[in-house]
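Written below as structure tokens is the structure these notes are about.
The values are calculated or read from the model by the stated rules, or taken from the named source; none is laboratory data. Everything quoted here is computed from the prediction, not taken from an experiment. Here Cβ is always computed from backbone atoms with ideal geometry, including for glycine, and neighbour counts include all displayed protein chains. Surface accessibility is based on the protein's heavy atoms, side chains included, excluding ligands, DNA and RNA. Shrake-Rupley method; radii C 1.70, N 1.55, O 1.52, S 1.80 Å.
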Amino acid sequence: CPFQNTWNNRNLGGDLNGDAVITQPKQQINIVSTMPGTVVWITPRCAVVGHAANITYSIAMGYGDVYTVENVTQSTNTLTPGQNLGGTIVVSNNPISVTVADDSVITPGGGCFDLIGDQIVPVDVVGDSYIANLGFMFAASVESIFVVATDNFTQVTINNGAPFTYTLNKGDTKQFPMTTPLAYVQATKPVYLWQTSGYGCESGGAILPPLECAGSDTVVFSRNNTQPFLINVVCKAGNQGNF
């Protein structure tokens, strides 16, 4: 499971939903089962509610059941070792849906805080080649990409005009700031690539598709307000006029 490790979860100072409890935002992994008789094995990268870090446990799920893995600590410093869910392993005997969520992350230099997250894909369809596109956030927000290795001894080269090479083991996360319009990621083994981006100080997070992904030739979206809406499209050189 990929997560960012640069932005902190905002510390909330009041009862915002009227339940007489001050609930602090944290990182979560939300699992939905699609079949009865589902068993899910979870190896959390940090301590989670009810379970210690790095010790595998299992849960039994029925059709349509939901199970949440929640970080026990609010990530007020997500760079602290052992306090981030990034690299947590989830394995199931039946198909499941896995959504990662990072609640109320606050970006430097802007003061905005947002829930960011995405439904991720299984390990067997992640790739080894990616291109990341710089978004539209304030420079101080530190837009980044996060490479999460799925196997030991994975060599990753990130090129944003100059190559930087790193060696990662299974579950390791490498953060790389986006300071140029494009960054090319090449790995010797399949990796997840998570990107944090957005507009101004408003943040978002998403898993990026690998270059070898076929994708779609038609994409539909809607916009329901008049605020700025911008799209980055990456294509092969020479194809810019084919849209």
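What shape does the stretch 1-80 have by the C-alpha gyration tensor, where a ≥ b ≥ c are the square roots of the eigenvalues, rounded means a/c under 1.5, and otherwise prolate means a/b greater than b/c and oblate the rest? Since a/c reaches 1.5 but b/c is at least a/b, the shape of the stretch 1-80 is classed as oblate.
Heavy atoms only, probe 1.4 angstrom, no DNA, RNA or ligands counted: give me 45, 223 ranked by accessible area, highest first.
223, 45
With the simple spin-label model, which puts each label point 7 Å out from Cα in the Cβ direction, the residue 182 to residue 222 separation comes to 3.4 nm. Computed from the Cβ-Cβ distance with R0 of 35 Å, the FRET efficiency linking residue 93 to residue 155 stands at 0.65.
Taking other residues whose beta carbon is less than 14 angstrom from the beta carbon of residue 147, and scoring Lys, Arg as +1 and Asp, Glu as -1, yields 0.
In the full protein context, the stretch 1-62 carries 47 Å² of accessible surface per residue, based on a 1.4 Å probe and ignoring ligands, DNA and RNA. Isolated cysteines of the chain, defined as having no other cysteine beta carbon under 4.7 Å away, are 1, 46, 213, 235.
Over all other residues within a Cβ to Cβ distance under 9 Å of residue 105, the charged ones net out to -2, with Lys and Arg as +1 and Asp and Glu as -1. Which one, (1) 0.97; (2) 0.99; (3) 1.04, gives Rg/Rh (Cα atoms, Kirkwood Rh) as derived from the coordinates shown? Step by step, Rg/Rh (Cα atoms, Kirkwood Rh) for this structure corresponds to label (1). Distance between the modelled labels on residue 129 and residue 24, one decimal in nanometres: 4.5 nm (7 Å Cα→Cβ projection).
Figure the gain on full extension for residue 51 and residue 70 (residue separation times 0.36 nm, minus the Cα-Cα span) and round it to one decimal in nm.
Between residue 51 and residue 70, full extension yields 5.9 nm more.
On the beta carbon distance between residue 211 and residue 41, with R0 = 35 Å, the FRET formula returns roughly 0.70.
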